[in-house]
Amino acid sequence: MDDAVPDAAGLPYTSFDHSKAHFYRYDEQVSLCLERLSSSLTGKDKTKLTLQQKFVRCSVRAEVRHLRKVLCHRLNVEKHQVQMLFNNESLPDHMTMKRLWLSHWFGKAQPLVLHYTIKDKRTR
């Protein structure tokens with residue numbers, strides 16, 4: 001038996017808890033491939049600063065700054081050392097994955113490919 005009771009507009013009520021609707025886990029998801037842009041680093045430094053698992057699935061509301069934070073955590077580097085790129089252009093921290101997907105990747109196969117670079121530590 002169907003427990004859904006229509007409201008005044010004729011739309012059925014659901015058992016979905018709208019109080020939790022602001023959580024990212026209920027959002028549309030986007031698949032990403034995070035690849036390191038080739039650089040002059042070689043040997044241990046290159047393997048140490050490359051992700052072991054480069055595929056990520058996240059909310060379309062995630063911003064570039066969230067990805068940078070994940071990269072910094074996984075690679076054990078400072079936030080100012082990581083730069084996110086798309087087609088060799090730096091991405092602003094406030095750009096969402098949905099905006100990036102719609103403006104640059106719409107109609108192409110998943111995953112959306114993003115590159116990152118690690119800047120050298122500068123001694124002061």
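Within the range 63-92, the set of residues being under 14 Å from Thr50 (Cα atoms) and loosely packed, with under 12 Cβ neighbours inside 10 Å comprises His73, Asn76.
Of the listed requirements (1) in contact with a His (Cβ under 9 Å, 6 or more places away or on another chain); (2) within 22 Å of Asp120 (Cβ to Cβ); (3) at pLDDT 90 or above, Asn87 misses just one: (2). Looking across the range 48-63, the residues that are closer than 13 Å to Leu112 by Cα and either touching a Pro at 6+ places or on another chain (Cβ under 7 Å) or aliphatic (A, V, I, L, M) (or both) come down to Phe55, Val56, Val60. One residue alone among Arg57, Arg61, Arg65 is of a type in the set (D, E, K, R), under 19 Å from Lys98 (Cα atoms), assigned to a strand (DSSP E or B) and at pLDDT 70 or above, and that residue is Arg57.
The values are calculated or read from the model by the stated rules, or taken from the named source; none is laboratory data. This one's a predicted model, so the numbers in the text were calculated from it and none came from an experiment. Every residue, glycine among them, receives a Cβ derived from its backbone with ideal geometry; neighbour counts consider all protein chains shown.
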